[in-house]
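Remarks on the structure that follows.
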Amino acid sequence: SHRLILAKSSEVFDRMLSQRWNGEEKDITIVEEPSTVRYFPAFLRFLYCNHVVLHHENVLPILILADKYNVTSLKKLCYSANPLTD
């Protein structure tokens with residue numbers, strides 16, 4: 001299930017989904033900053049496939065998403081792809 005993959009990949013998603021799972025509301029709306037919206041599909045792809053193509057245009061927005069959702073392995077990849085982002 002999608003919920004299991006997201007919860008396993010991110011403590012933030014785990015908390016969000018476990019709180020919603022216990023309640024009546026089954027849908028979750030995620031609102032992202034305009035600077036990261038277009039990169040959210042690549043972020044999700046990493047959660048599902050553990051693969052992302054990083055380049056100068058997407059490394060910072062994907063790092064922001066990885067930090068927001070506490071995806072440590074992706075944060076490490078972003079830092080190694082762009083060592084100037086400390």
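For region 47-58, the set of residues classified as surrounded by fewer than 19 Cβ atoms within 10 Å (Cβ to Cβ) and of a type in the set (A, V, I, L, M) consists of 53, 54, listed by residue number. Filtering 4, 63, 17, 74 for residues that are surrounded by 15 or more Cβ atoms within 10 Å (Cβ to Cβ) and modelled with pLDDT under 90 leaves a single hit, 17.
Identify all residues within region 31-46 that are surrounded by fewer than 20 Cβ atoms within 10 Å (Cβ to Cβ) and either closer than 18 Å to residue 14 by Cα or in contact (Cβ under 8 Å) with a residue 24 or more places away in the chain (or both); write none if there are none.
31, 32, 33, 35, 36, 40, 44, 45
Restricted to region 20-49, and to residues there that are part of a loop (DSSP other than H, G, I, E, B) and at pLDDT 95 or above, the residue that is farthest from the chain's Cα centre (by Cα) is 38.
The values are calculated or read from the model by the stated rules, or taken from the named source; none is laboratory data. Since this is a predicted model, take the numbers as computed values, not measurements. Note that each Cβ is placed from the backbone with ideal geometry, even for glycine, and that neighbours are counted across all protein chains shown.
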